[in-house]
Amino acid sequence: MGILSWFLPNGRVSFHHAGKSVILKRKPQKKGSGVDESKCISLADLCKSATPADCQLNPFLFNGHLQTAWTLMRTDDIPVYYKRWRFEGDSPDYRGSFEVDFVVPPYDVNKTSSSLTSAQSDNGTFESSTPPDSTHPSPRTSFFTKEEFSALPSDDKKPMLVVLHGLSGGSHEPYLRNIVDPLHKQGWEVCVVNFRGCANSKVTSSILYNARATWDVRQTVRWLRKNFPSRPLFGIGFSLGANILTNLTGIAKDMGGIADIF
């Protein structure tokens, strides 16, 4: 093939997963629908059945580095709106705060006090305070008011996705919004756990993050389980975030309360 293979690159898709995959229950199917009517399927087989065997690659984006860089060069925007809450670490071993962004319907950010102006003070009370960094606010993001956050708990059964971004990223990253936007439009609830100091969050202690830093996401999952007891929780991680989720599955017998991790 030679030069022709460069102009028409064809990638083979391969799957890497644990020998024993999670078993999922299928939704009931109508008779004659042509869909496999067996009651269960493994997560690995589900991914294989939904993924084409081949992919046609762009000849100018022939490796992962170029593909990542291209996401920053594209001019199209994906408007995802967030409301943020600052959690205080509940363990004396991991003192400090971290911030979680919840995807919400579009709103006029200009009508809020200012993008990322804090409705919370550093000690968790709700007082007027200085934005973490008013010169570099995250787009379409503002803090919850006390009343808004108090109204969040629900008994609904919507699926909820917990997202972990990559190294030094945040909820504003294009790769993350590409995943979040269509899911939210389909009725999913979504929250992004920002690593300490990322996404314009304030660093309040010497405890930061690394690939083994599962403490903030575990606290978030506990909070979600308490306030949304009927919601099935799912997790997805990108790059470093995927490493943290992998470590979470290794140290938490119940996977931190998350139904499935991708």
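Please compare each pair in 83/157; 20/48; 39/157; 20/158 to a cut-off of 24 Å on the Cα-Cα distance and tell me which ones are over it. Beyond 24 Å: 20/158. The Cα-based radius of gyration and maximum Cα-Cα distance (Dmax) for the stretch 151-262 are 13.5, 39 Å. Quick check: from the Cα gyration tensor, does the stretch 135-191 come out rounded (a/c under 1.5), prolate or oblate? It comes out oblate by the Cα gyration axes.
Laboratory data are not the source of any read-out in this text; all were calculated from the coordinates shown. Worth saying up front: this structure is predicted, and the values here are computed from it rather than measured.
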